[in-house]
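Colleague: There's a structure below that I have some questions on.
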Amino acid sequence: MDKPQMISRDNISFEQPSFPLVISSSVGVNPGFERLHWHDALEVNHIRQGSGFYLINGHKLEFQEGDLILINSDDLHRAFESENLVMDILMFDPSILAVDLRYDPELMRPFREMGESFSNLVSREHGVHEELRKLFVRMMKEFEAKQDSYLSIIRSDLVRFLALTNRHLMLPNPTHNLLKQRNMHVLKEVIHTMETSLAYPWTLQELADLAHLSPSRFSTLFTQAVGTSPLNYLIQLRLTAAIHLLDKSNDKIIMIADQCGFRNLSNFNRLFKQYVGVSPSEYRMKD
């Protein structure tokens with residue numbers, strides 16, 4: 001096998017390149033958030049309804065209605081729905097705060113020290129939570145309405161949001177995420193190779209060899225970061241790719257199964273129905 005490349009960052013598309021910020025909503029967890037991913041943009045989530053959990057750099061973070069979640073750039077993360085989940089998602093590039101950082105270099109400290117001096121989760125029980133939540137909701141309403149000077153209002157509210165986070169949410173006992181520091185780059189390489197070589201019949205030994213780890217050590221680290229074993233995650237990637245091909249191509253189902261790494265059609269049908277709830281043919285016939 002060729003030397004693996006670093007897992008690619010997700011590209012976040014901003015409506016206005018001159019103002020790199022976007023706010024959207026998700027009912028449930030869309031497929032892009034189910035897979036382990038990372039990106040340059042900084043991310044703030046507002047849990048409008050329901051519950052679920054994130055895996056962020058190997059740390060499981062449960063959330064419920066009203067919680068706020070901060071995710072740093074380059075953090076490996078994936079989301080899971082527990083019940084009736086509706087999330088509001090703000091993503092931004094720190095370049096929009098360049099002027100503010102000139103006068104307050106610590107403004108981005110919550111993201112810079114995320115997972116160590118600051119928690120990803122802003123709990124509803126915290127005293128500053130309600131003000132932060134109101135700021136988030138106001139930014140979202142401004143983004144949706146796009147009235148005069150809405151960009152200035154969003155930017156000023158974002159500065160206040162980060163300043164209050166920096167002032168009130170530093171942890172009393174900072175911690176170090178050893179998985180993040182020592183092993184996340186290795187897992188990114190392996191996951192990228194899995195994503196770009198889905199048809200290859202990977203074994204656990206071969207994946208561990210890519211990481212230069214023993215199979216047991218690799219499996220432990222991978223499961224901690226991703227929430228499932230390497231081979232189970234590979235099946236999830238293959239099924240996600242199959243769903244995309246069923247939606248976008250007219251290829252025969254047996255061809256799609258082969259392209260996605262399933263050598264046995266009956267096994268593909270069984271796993272697809274277990275994962276999606278219907279067979280591949282039933283899925284293709286949906287409206």
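The values are calculated or read from the model by the stated rules, or taken from the named source; none is laboratory data. Remember, predicted model here, so these are calculated numbers, not experimental data. For neighbour counting, all protein chains shown are included, and Cβ atoms are generated from backbone atoms with ideal geometry for every residue, glycine included. For accessibility, only protein heavy atoms count, side chains too; no ligands or nucleic acids. Shrake-Rupley method; radii C 1.70, N 1.55, O 1.52, S 1.80 Å.
Colleague: Check I89 against each of (1) over 15 Å from F53 (Cβ atoms); (2) open to solvent by 10 Å² or more (accessible area, probe 1.4 Å) and name the one condition it does not meet.
Modeller: (2)
Colleague: Would you say Y283 is open to solvent by less than 60 Å² (accessible area, probe 1.4 Å), closer than 25 Å to P215 by Cα, at pLDDT below 90 and touching a helix residue (DSSP H, G or I) at 6+ places or on another chain (Cβ under 7 Å)? Can you show your working first?
Modeller: Values: open to solvent by less than 60 Å² (accessible area, probe 1.4 Å): yes; closer than 25 Å to P215 by Cα: no; at pLDDT below 90: yes; touching a helix residue (DSSP H, G or I) at 6+ places or on another chain (Cβ under 7 Å): yes.
No; evaluated as a whole, the condition is false for this residue.
Colleague: Another question, then. Can you tell me which residues in region 115-135 are open to solvent by 70 Å² or more (accessible area, probe 1.4 Å), part of a loop (DSSP other than H, G, I, E, B) and either without any contact (Cβ under 8 Å) to a residue 24 or more places away in the chain or among the aliphatic types (A, V, I, L, M) (or both)?
Modeller: Correct list: E125 only.
Colleague: Does E43 satisfy the criteria of being in a strand (DSSP E or B), over 24 Å from R238 (Cβ atoms) and under 11 Å from the mean Cα position of the chain (by Cα)?
Modeller: Values: in a strand (DSSP E or B): yes; over 24 Å from R238 (Cβ atoms): yes; under 11 Å from the mean Cα position of the chain (by Cα): yes.
When the stated conditions are applied, E43 passes them.
Colleague: Could you tell me which numbered condition Y103 fails, if it satisfies all but one of (1) under 30 Å from L151 (Cβ atoms); (2) open to solvent by less than 60 Å² (accessible area, probe 1.4 Å)?
Modeller: Result: Y103 passes all but (2).
Colleague: I need the full set of residues from region 58-77 which are in a strand (DSSP E or B) and surrounded by fewer than 20 Cβ atoms within 10 Å (Cβ to Cβ), in order please.
Modeller: Step one: filter region 58-77 for residues in a strand (DSSP E or B), giving 59-64, 68-71, 77.
Hits for region 58-77 are H59, K60, L61, E62, Q64.
Colleague: Would it be correct to say that R138 is in contact with a helix residue (DSSP H, G or I) (Cβ under 7 Å, 6 or more places away or on another chain), of a type in the set (D, E, K, R) and open to solvent by 10 Å² or more (accessible area, probe 1.4 Å)?
Modeller: Values: in contact with a helix residue (DSSP H, G or I) (Cβ under 7 Å, 6 or more places away or on another chain): yes; of a type in the set (D, E, K, R): yes; open to solvent by 10 Å² or more (accessible area, probe 1.4 Å): yes.
Yes; evaluated as a whole, the condition is true for this residue.
Colleague: Name the single residue that is farthest from G227 (Cα to Cα) among those in region 78-111 being outside any strand (DSSP E or B) and hydrophobic (A, V, I, L, M, F, W, C).
Modeller: So in region 78-111, the residues outside any strand (DSSP E or B) come out as 93-111.
From the residues that got through so far, the ones that are hydrophobic (A, V, I, L, M, F, W, C) too are 96-99, 101, 107-108, 111.
Details: I96: 34, L97: 34, A98: 36, V99: 39, L101: 36, L107: 32, M108: 29, F111: 23 Å.
Per the stated criteria, the residue is V99.
Colleague: Hey, any hits in region 243-262 for a residue that's at pLDDT below 90, of a type in the set (A, V, I, L, M, F, W, C) and closer than 30 Å to T220 by Cβ?
Modeller: Scanning region 243-262 turns up at least one residue that is at pLDDT below 90, of a type in the set (A, V, I, L, M, F, W, C) and closer than 30 Å to T220 by Cβ.
Colleague: Here's something else I'd like to know. Kindly list the number of the only condition in (1) closer than 25 Å to R155 by Cα; (2) assigned to a strand (DSSP E or B); (3) modelled with pLDDT under 90 that fails for L55.
Modeller: Single failed check for L55: (1).
Colleague: Considering only residues that are surrounded by 14 or more Cβ atoms within 10 Å (Cβ to Cβ) and under 27 Å from the mean Cα position of the chain (by Cα), which ones fall in region 142-152? Steps first, answer last, please.
Modeller: First, the residues of region 142-152 that are surrounded by 14 or more Cβ atoms within 10 Å (Cβ to Cβ): 142-143, 150-151.
E142, F143, L151, listed by residue number.
Colleague: Could you list, in sequence order, the residues of region 95-109 that are within 17 Å of R167 (Cα to Cα) and touching a residue at least 12 places away in the same chain (Cβ under 8 Å)?
Modeller: Within region 95-109, the subset within 17 Å of R167 (Cα to Cα) is 100-101, 103-109.
Result: D100, D104, E106, L107, M108, R109.
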